[in-house]
């Protein structure tokens, strides 16, 4: 499971990096009249808003359980992550495509001071690469799946998944903007700059759809990627030989937070008092080994 402190640190780093990048890009877009630069500036502004959303979600998800929400507010982080995907699609992807199409249809397609734009993009790539590297280090701490794609598909740390995909999309978008701007300079044809904006928009839409699909799964209710059943069974066997897990359900209820519900066969326990003692002892041992299991419900049953 994810480290909340590590994820928050990565979000804050990304927020300050993107704020500086966004201001630089807006200045560059004004001077150069580059559609790709404007698309990237809006993208960075959207990323800043997204990171504020993630911080809000991280804060709200820590609220204690109450009568209205007896299982707590852990899924708040998933909701705010889903908003990020929507904002990335609309404010990032759709605006970039609009800006490119508008540039293609406009009469004034001339680039002004394009090498200023090149310098800004190179600087932005370096800053974004630093943010992406900090995020990747945090990802590698919890990536036990052998590949980034498998981690993306199976991780339940929605805030870290969002930040990683945002940083990756931002880095790729900057590289695309630089490539298309250089082509526009080399050919003296600003149409390539407009094509760059459209390509960046398409990239952001793809990333936002991937993010929305993954976060939707967490909102609906997703099982953790780790198999807890065998370890849970071992605790019951160690405490009371013959006790057997009959039914096991684990559900992600937030970042670094699980609900586990199970039925166990009482085995050799013949009195309610001894059975209750065994279950209580097993619960303590399970929660000690897996502190991410916030909610643990055990029901005895003699039906296989």
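Here, each number is a calculation from the coordinates, and none is a lab measurement. The shown structure was predicted, so the numbers you read here are calculated from the model rather than taken from an experiment. Every residue, glycine among them, receives a Cβ derived from its backbone with ideal geometry; neighbour counts consider all protein chains shown.
With no solvent and one equal point scatterer placed on each C-alpha of region 229-300, evaluate the Debye formula and give log10 I(q)/I(0) for q = 0.11, 0.12, 0.17, 0.23 Å⁻¹, two decimals.
The calculated log intensity ratios at q = 0.11, 0.12, 0.17, 0.23 Å⁻¹ are -0.24, -0.29, -0.56, -0.98.
Where the centre of each part is set by its Cα atoms, how far does region 230-304 sit from region 177-229, in angstrom?
Cα centroid of region 230-304 versus Cα centroid of region 177-229: 43 Å apart.
To the nearest 0.05, how large is the calculated FRET efficiency for residue 183 and residue 140 if R₀ is 41 Å and r is the Cβ-Cβ distance?
Plugging the Cβ-Cβ distance into 1/(1 + (r/R0)^6) gives 0.75.
Tell me the angle of helix 95-105 to the major Cα principal axis of the chain, expressed in degrees between 0 and 90 and rounded to the nearest ten.
20
Expressed as an acute angle from 0 to 90° and rounded to the nearest 10, what is the orientation of the C-alpha long axis of helix 158-187 relative to the principal long axis of the chain?
Helix 158-187 and the main axis of the chain meet at about 20 degrees.
How big is region 162-301 on each of its three principal axes, counting only the C-alpha atoms and giving the largest first in Å?
87, 23, 18
Compute for region 4-220: radius of gyration divided by Kirkwood radius, i.e. Rg/Rh, restricted to C-alpha atoms, rounded to two decimals.
Radius of gyration relative to Kirkwood radius: 1.03.
In terms of the ratio Rg/(2.2 N^0.38 Å) built on C-alpha atoms, what value belongs to region 114-228?
In units of the globular-protein estimate, region 114-228 measures up at 1.29.
Using per-residue counts of other Cβ atoms within 10 Å, averaged over each peptide, order 49-56, 265-272, 26-33 from highest down.
Most protected by this proxy first, the peptides run 49-56, 26-33, 265-272.
If you take every DSSP beta bridge fully contained in region 158-304, what fraction is antiparallel? Give it as a percent rounded to 5.
55
Once both axes come from the Cα atoms, what is the angle between helix 114-142 and the longest principal axis of the chain, in degrees from 0 to 90, rounded to 10?
The answer is roughly 10 degrees.
Using just the Cα positions, wrap region 51-151 in a convex hull and report its mean projected area in square nanometres, one decimal place.
10.3
For a label point 7 Å from the Cα of residue 219 along Cα→C-beta, name the residues of region 151-168 whose backbone N is under 19 Å from it.
Flagged as within label range: 153-166.
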